[in-house]
Structures are given as C-alpha cells and as structure tokens.
Amino acid sequence: MSESGNGVLRFAIIWGGQTVSKLGSALTGFALGLWVYGLTSSVTDFALISVLTILPGVLVAPIVGVLVDRWDLRNAMRLGDCGAGLVTLVYAILISLGQLAPWHVYVGTAIASVSGAFQRTSYTALTPALIPAKHLGRANGLVQASDAAVPLIAPPLAGFLLSATSLGTVVLIDFISCLAAITTLSLIRSLPAGSGAASDAGTSALQQALEGWNYLKERRGLLGLLTFSVITNCSLSAMQVLLPPLVLDIANPAVLAGLLSTGGLGLLLGSVVMTAWGGPKNRIHGVLGVGMGLGTVMVLAGLFPTLRMLGYCTFMAGFCIPIMDASSQAIWQGQVPAALRGRVFAMRGMIAWSVQPLAYLAAGVMADHLDGVSFSIPALFGPLEQLDARSRGIALCFIAAGLLALIAAVRGYTARHVREVEETPPGTTFTEAVSPPSR
C-alpha cells in the first residue's frame, strides 16, 4: 500500500477510536449532569459543569500546545485518553462505594477538560501528518460528522441506559470507550517524518507557547481568518443561548426540542456532504462564502421569527457550520509547519473558545436591555411585530448577530491577505509571498 494510503488507513483507525471515546464521554457527561441536578436541584451547580467542561482546557491550551510539539503525537493523544479514562475509573469506584459527591464531578470534569485539550490539539496536528493535502477537507468533514453525531446520539442513549440500568453502567461504558481509543492508537506504529517534536532547547515553556501567537501575528491572512472565526463564534453563541427563550415565547418545550434536533440533523448532513465533497477547491470560499450564508439565515430568523422559519434557519445554520469549520481547519493545517502545529492550533483554540462565555453573557444582557424598548416595525415583518417586548428584543439580537457575521465575511473577501491566504506558502509571511524576488 502507498504511503498516502497507509496514512488514510491510520487516520481512519484513529478516527474510529476517538469517535467511540467521544460518545462514551458524552454519555457520562450527560448522565452525571442529570445526577448532580437531581441531587442538588440547583441550576447553578448544573451550569458549573458546563463552565468546567470548557474553561480549564482553554486556560492550559498554550502549554498543551508546547507539549504536543515536543512529544510524539500518539503519546499526546494517549495522555488525553488516559486522563479521561482515569477520571472515569475513579467515578466508577466512587459509585460502587456509594461515595460519589457533586464536588467529585466538578474536579473530574476539570481534569477531563484538560485531557480534552491534549486530545483536540494533537488530533488536529495529526490529521495533516497522515492525510494528503487534497483530502484534508474530507478528513475534517469526517471529524465534523462524529462531532455532529455524538450530541444527537448521546442524550437519548444515556437516558435509556439510566432508566434500564444504572449510572455505574454508563460510566463503565465510558471507561471501555477510553480503552478502545487507547488501543487504536497502539495499532499505529509510526507517523510520517516531520510531525515529531521540535527542538526548543534553551527556551522556556512560556516563550515556546508565545511562539504560536508570534507566528499568527506575522501571518496576517491566518490572523484575519482567526478574527472571522471569533466573530462568527460570537454570533453562533448568541443564537445558541437566545433560541430557547425565543421559541418558548411562541411554543412549548417539545417544539423547542424538535427545533434543536433539526439543527443537529443539519450539522450531521453538512458533515456528510463535506466528507463526500471535500469542499471547494479554493477553501476560503468554503469559509467566507458559507459564512455569508450563515449570517443571512440568522438575519432571516430575526426578521421572520415563525416556527417554520426558525426551523429552516436552524437546519441551515447547522448545515453551514461543518462546511465552514472543515474548510477553515484544512487551511490552517496546510498553512502551519508541522513543528509549530501544536502551539499554533492551541493558541487558535484558546482564543476561539474563550469568547464563547463572553458572547453568552453579552447576548443575554443585550436582550434584557431591549426588553420594553419601544420601536416601530414595518408591516413587512408582521411575525416580528406579533412578539412580546422581550422576545422582540431577542429577535433583534438575532438580526444584529447575523449582520455581524455577514460584515465579517464581506470584510474577509475585501482583505487580500485573507482572500488569498492559501497562496501564502507555509512558513512565510504574506508580504514575503507576494513580493517579487530580489535580484
């Protein structure tokens, strides 16, 4: 078998193991969240689990990037899987002894978040080491497919397992899934040359971590692409946090669940399409062009907030996300040298993830501030006029978030260093790439 064929096979094996592990972790996360809420009846305690799922991994991301660049990528992924497996094993022991308490879940969730940072960063760096550049879009679409399928499958499956068996059984399944991921990594005996650790003797870990940021600063195209991603993440986060109260103003929780499932189906279908298609040849169109579509459907959802329109827009937003993300991921993987991938991808992830809680807060404050503010609505937008003051404010936030994404996409197209980011050879600045050679 050719080297590229070997790489694809090895990627498929790793993808299968990581998908199983993601599903196991999602089962445990959902089940433990229900357990904590059932025990404490505290929304704050329940929300704390969500915060601890994200925040610790964001905080350690720069150091994780340094370690991923130093180590064999398989060992970095093994560490992440072993960390998650160890947490799950401790849960199982505590459950069997009848000693599990909410604070155990908080600590375990934080440790699992750090382990997840190792998994995500090394997984992203590993993909271009195994997959030929022309197939990166398809490979990233496959990763997006597993990310879309797991949230659809995990809640109902966890609910069934909890009703049919016990919390201990769910945790045991998660532990087995971690072992499966570790086993698949053990089947991969070698990686292509050039994806190993970089030599950084004489520099501190902090200095090495900052090299990821320094690389971004010198490459305006990637920095512009990151700025676009941050803005669209803010818009999507606003949509995510404001959709439930908007829907519940005009319908019941069952309808809301159906709308959220529609979004999940859009995610899955978009991932499947991206896996089969691979995205546009000029991948920036898969980012900025699809980003314009995403902004448009968000504006439409705010202007015409009927259940039918909200369902359509939720599905289309879900469909756009994996195409946009997989195209962006392929650009990054092709533009960052192997020796810096861990640091750059970790820095990128830290910046992109850190804005999410801020966007949640800003969207809520903005919607509350618009509650009760009087303004006239053109007759064309009758569904918007029929909402109460609070939901009308939420709909206006949808419009603002969509316009923000649209403006960011248009700005990306008008900026040459972003529009032509793929034409900049890895390891060079945009200025160096477009300047004529010296004589």
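Structure values in brief
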quantity	calculated
Order of I93, I351 - criterion: other Cβ atoms within 10 Å of each residue's Cβ, fewest first	I93, I351
Percent breakdown of C-alpha pair distances by 5 Å bin, ordered from the shortest bin, for the range 203-424	1, 7, 14, 17, 18, 15, 11, 8, 5, 3, 1, 0, 0
Net length gained if the chain between L89 and W277 were fully extended (0.36 nm per residue, minus Cα distance)	63.7 nm
Cα-based convex hull, the chain, per residue volume (Å³, whole number)	161
Gain on full stretching of the segment that runs from V355 to E422 - 0.36 nm per residue minus C-alpha separation	21.5 nm
Ranked by how many other beta carbons lie within 10 Å on average, peptides 259-265, 395-401 from highest	395-401, 259-265
Choice from S327, S25, S42 showing the highest fluctuation, given a GNM over the chain with Cα pairs closer than 10 Å	S42
The range 141-176 residues near the modelled L34 label - backbone nitrogen below 14 Å, point 7 Å along Cα→Cβ	153-171
Neighbour-count order for W103, W71, fewest beta carbons within 10 angstrom listed first	W103, W71
Two-site label geometry, A101 and T165: point separation in nm, points 7 Å out along Cα→Cβ	2.8
Reach of K134 by Cα under 17 Å, taken over lysines that are not fewer than 8 positions away in the same chain	K281
Least to most buried among Y91, Y413 (fewest other Cβ within 10 Å first)	Y413, Y91
Surrounding net charge for Q329, when Lys and Arg each add one and Asp and Glu each subtract one, Cβ distance under 12 Å	+3
The range 203-424: relative contact order in percent, alpha carbon pairs under 8 Å with at least 6 residues between	38
Cβ-derived FRET efficiency at R0 22 Å, I176 paired with I153, nearest 0.05	0.85
25 °C / 0.890 mPa s Stokes-Einstein diffusion coefficient of the range 147-279, Kirkwood radius on C-alpha pairs, µm²/s	121
Most mobile listed residue (P253, P357, P56) in the chain, GNM with C-alpha springs under 10 Å	P253
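Read-outs: derived from the displayed coordinates by stated rules, not from any lab. Being a predicted model, the structure only gives us computed values, none of them experimental. For neighbour counting, all protein chains shown are included, and Cβ atoms are generated from backbone atoms with ideal geometry for every residue, glycine included.
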